Amino acid sequence: AESKPAAKPAPVEDPNTLAAMAMEAMLAGDLARYEELNKRLEKVQAKIAQSAAASAKDANADAAARLLAAHDGDLGADGSRVRVLEEVDASGRSKAMRASVQTTSVRTKGRNKRGTANAVPGKGAELTGYYEDDNVTLQDLMKRERVEGVQDYDSNFAKHILKKGNKFEQLGEDEDEAYALGWYEHADKKMDDKRRADKQRKQEVQDKRRIQINLENCTRCMESKKFGRKDAIISSAQHTYLCMDGMNQCILPGQVFIAPMEHLPATTELDETVWTEIRNYQKCLVRYFESENPPRGVIFAESAVHRVSRDKALLGAGPHTCVIAYPVEYALMEEARAFWKKALDEAECEFTTQHKKVIETDVKGGVRAKVPKGFPYVHVDFAMGGGYAHVVDDAHDFPRDFIQHTVAGMCELTILDRAYATRDDYRAAVQTFKKRFVNEGFDWAQALRPEE
């Protein structure tokens, strides 16, 4: 029997042609033909959509197959798929990317193993100065700056002076500063790849140990060995916690503080989520103290004066910030603003202060909207109704207990007065505060916890 030739598929009509024909029929007043062409157009569009979906599905299947084939070597001994995570430094930058933009001196081999970054023309046959220290183009320098950031040239210069010691000589009036540009370059540039890799490895081990030591010595990090406030914690959220202040620091009954769980030096450095949790606790405390009999107002104060460098802060150094809540009598709240404004105005010498001494903060943004990151400051807020901030010029001589002493003076107390005379009184006050704060519905974080 002869085999019949396979039937050819019917050609797909052009949707644009059908649409044009339907438009002509409608303009001519032939509604029957218009309806017929519209139905044919809908069928053609449906076939095209199905064909496109099938093609996309096949393409995704081919891509997935290629991806699995490319990662067949990532299977472990037990058949599980292994993924290699890229290493990052303390600033979150890729170590491989940083290594790709680092360059050393072109003369780190041979006799002059430290390069020619500090070479002076005329002192040596091949030494022609800083500009021949590398063969990096301008595009390479721009790429390095985008990846690594801008160097701290002042710090590099200070390290160079300390290394030279008594042998350091400043340039004379007739000497060109271009020959001293190597003083401002980082010392890693004058090492070969092997020495630099060894130094980075040792630095990473030292940084890890330093992070562990710093966090273990912090009295406000909950994972620290020196955190002795577990019984004094009133409430805890996802990123922050509310705790009764230490017995030796409480000058007023019910004095508590709000602290982030992450070790950070100031509230200006916090993420928006953490800041929102702190504001929620502040609202709860305002309601809590207003419901007392007699009602009390609350002053929120933060001291972020003694800061450390950015590199040390990444290693967990420096103080752990907190916002202390001082409950005071309502009569004192009326004169508290004038008292604190005068105290902040006289906090430092008027001849050394180069900026506005007292900065007003509003209800919405608080200190974060007025003081930039990295600035040392003192901030007080009056029951979330706005307050005052003061940027500290001389952090070294600024009193560490400025806020505590100012509150004591406002309440006509001495700096030696304390709210609780014995340890038993302190523990009883913690339990009473916690019971009322949680059971009477003031704890906003209670809704986040699963019901037992």
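For the stretch 280-290, state whether one or more residues are part of a loop (DSSP other than H, G, I, E, B) and either out of contact with any helix residue (DSSP H, G or I) (no Cβ under 7 Å at 6 or more places or on another chain) or basic (Lys, Arg) (or both). Within the stretch 280-290, none of the residues are part of a loop (DSSP other than H, G, I, E, B) and either out of contact with any helix residue (DSSP H, G or I) (no Cβ under 7 Å at 6 or more places or on another chain) or basic (Lys, Arg) (or both). Restricting attention to the stretch 218-234, the residues being open to solvent by less than 80 Å² (accessible area, probe 1.4 Å) and farther than 12 Å from Asp245 by Cα number 5. Every test in (1) surrounded by 14 or more Cβ atoms within 10 Å (Cβ to Cβ); (2) of a type in the set (Ser, Thr, Tyr); (3) more than 17 Å from Ala325 (Cβ to Cβ) is passed by Thr422 save one, and that test is (1). Within the stretch 135-175, the residues that satisfy the criterion of being surrounded by 10 or more Cβ atoms within 10 Å (Cβ to Cβ), over 30 Å from Met97 (Cα atoms) and at pLDDT below 75 are Leu171, Glu175. Within the stretch 235-259, take every residue that is open to solvent by 30 Å² or more (accessible area, probe 1.4 Å) and under 26 Å from the mean Cα position of the chain (by Cα) and give me the one that is nearest to Thr321 (Cα to Cα). It comes out as His239. Yes or no: the stretch 199-215 includes at least one residue that is open to solvent by 20 Å² or more (accessible area, probe 1.4 Å), at negative phi and in contact with a helix residue (DSSP H, G or I) (Cβ under 8 Å, 6 or more places away or on another chain). Checked the stretch 199-215: at least one residue is open to solvent by 20 Å² or more (accessible area, probe 1.4 Å), at negative phi and in contact with a helix residue (DSSP H, G or I) (Cβ under 8 Å, 6 or more places away or on another chain).
So for the stretch 183-196 (the condition being of a type in the set (Phe, Trp, Tyr) and at pLDDT 75 or above), does at least one residue qualify? Within the stretch 183-196, not a single residue is of a type in the set (Phe, Trp, Tyr) and at pLDDT 75 or above.
The values are calculated or read from the model by the stated rules, or taken from the named source; none is laboratory data. Just so we're clear, the structure is a prediction, and the values are computed from it rather than from any experiment. Counting neighbours? That spans all protein chains shown, and the Cβs are built from the backbone with ideal geometry, glycine included. Accessible surface is based on the protein model in full, side chains and every heavy atom, while ligands, DNA and RNA are left aside. Shrake-Rupley method; radii C 1.70, N 1.55, O 1.52, S 1.80 Å.
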